[in-house]
Each structure stands twice: as C-alpha cells, then as structure tokens.
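Input: a single structure, listed below in structure tokens.
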Amino acid sequence: MRMLRMEEIASKALERVNNDRYMLSNIIFARVEELSKGVKPLVDMNVKIHKLPDIALIEIAEGKIGVKESDGRDFKQSRVL
C-alpha cells in the first residue's frame, strides 16, 4: 500500500468494517493488545518506531485483519493470510 495520510487509512479501515466505528475501535484495541505482547505485525512496520494503534489501523485498512463473525453482541478477530 502506498503511503497514505492517516485520514485516508482510517477511511479505508472503516469501509472494511461497514463504517462501524465501535467495531473498528474494538478490533484496534484487540490487535494492540496482541502487538504489545510481542506478536509480529502483518505489515512491514517497526513496533519500536510506529505507534501500535497506527500499525493495527494499517493492518485493517490493508485487509490483513478483519471481522470473521459479528452477531451484534460479540466479534471474532480474524487474520486474512
């Protein structure tokens, strides 16, 4: 993905979760927890240089992380490999 402005990345990430801001924030939070525990990012970014929420947002915008199931009460994060 070419370098986009953060607003454009956020817009693409929102599109991936049907413009559900709450779902997006939950996915970002879950991914930041994983990244903070040492899980390797699915994008080529250094966790020591870039902020974890930014890395998670870019992963979502690129379709590397998304929602597998959603029934309105719970969600399961999935990785698209």
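At-a-glance table
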item	result
Proximal lysines relative to residue 40, as straight alpha-carbon distance under 17 Å, when same-chain residues fewer than 8 apart are discounted	48, 51, 64
The range 9-49 - percent of accessible surface contributed by carbon and sulfur, probe 1.4 Å	48 percent
Peptide ranges 40-52, 5-17, 24-36, 56-68 listed from the most packed, as the mean C-beta count within 10 angstrom indicates	56-68, 24-36, 5-17, 40-52
Tensor-based shape of the range 1-43 (alpha-carbon gyration tensor, a/c under 1.5 rounded, otherwise prolate or oblate)	oblate
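The values are calculated or read from the model by the stated rules, or taken from the named source; none is laboratory data. Given the structure is predicted, the values throughout are model-derived calculations rather than measurements. Glycine gets a Cβ as well: all are built from the backbone with ideal geometry, and neighbour counts include every protein chain shown. Each accessible area value is taken on the protein alone, full model and side chains, heavy atoms only, with ligands, DNA and RNA left out. Shrake-Rupley method; radii C 1.70, N 1.55, O 1.52, S 1.80 Å.
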